[in-house]
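The next block holds one structure in the form of structure tokens; read it before the comments.
The values are calculated or read from the model by the stated rules, or taken from the named source; none is laboratory data. Only a predicted model underlies this, so the values are computations on that prediction, with no experimental measurement involved. When we count neighbours, we look across all protein chains shown, and the Cβ atoms used for this are built from the backbone with ideal geometry, even at glycine. Calculation scope for accessible area: heavy atoms of the full protein, side chains included, ligands and nucleic acids excluded. Shrake-Rupley method; radii C 1.70, N 1.55, O 1.52, S 1.80 Å.
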Amino acid sequence: MRRQRQSGFTLMEVMVAFAIAALGFAGVAVAMSQHTDNAIKLRDRTLALFISSNAITELRLGTEFPKVGRTTEEIEYAARDWIVETVVEESGVDGLRRLLVSVSFAEQPDQRIRTTMGFISNGARIPANARPRFSQLDRGVPANDGDNGQDNEDRDNSGDPDFDFNNRTSEASR
């Protein structure tokens, strides 16, 4: 008697195929979850940027030159409560103040989402040689090295791409 050959998959082959498919689906689920988390974080950071930019703009449009200090307020924006902390500091240049606006969720005030820096002037013309050196502004070092700008008052090098704010020396130091 001749034995007939059966076609098809064995139980072991089917189980291995299901295991491989399950691992693939798990990998896709993890990737989708990470993508969703990143999209939510990006949305929150973008909203925080809008809030901090609005706060800086409100200060710039105000009628008074802001006083040095720290203020905190709670606002609602995009159906969520936020904490906005604004720090006004001296920049080292007369008539120019640095603004640091930090934004966090109201339920997590210690976890900052975004901090934006801006500057505000009291309307006085800032001499070209008293402009802030950006490398020093990050460390809080006064940018004005004592020169009052009398000799170079009319010179404005801000549009010159070869001009280096970090290598300026005052007339007094020459």
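Some notes on this structure:
- Other-chain or far-sequence residues with amide H under 5 Å of Tyr77's (modelled H): Trp82
- Residue-wise HN-Hα coupling along the range 49-59, computed from phi with Karplus coefficients 6.51, -1.76, 1.60 (Hz; x: Gly, Pro): 5, 4, 5, 5, 5, 4, 5, 5, 4, 4, 5
- Apportionment of accessible area to carbon and sulfur, the range 1-111, percent (1.4 Å): 58 percent
- Taken about its Cα centre, the range 61-104 carries a charge dipole of roughly 120 debye when the Cβ of each Lys and Arg holds +1 and the Cβ of each Asp and Glu holds -1.
- Using the Cβ-Cβ distance between Leu23 and Arg43 with R0 set to 25 Å, the FRET efficiency works out to roughly 0.20.
- log10 of Debye I(q)/I(0), alpha-carbon scatterers only, for the range 30-85 at 0.12, 0.13 Å⁻¹: -0.41, -0.46
- Rounded to the nearest 0.05, the FRET efficiency derived from the C-beta distance between Thr57 and His35 at R0 = 22 Å is 0.10.
- Förster radius 45 Å - calculated FRET efficiency between Gln111 and Thr10 (Cβ-Cβ, nearest 0.05): 0.25
- Sorting the Cα pairs of the range 1-121 by distance into bins of 10 Å, from 0 upward, gives 11, 28, 18, 11, 9, 8, 6, 5, 3, 1, 0 percent per bin.
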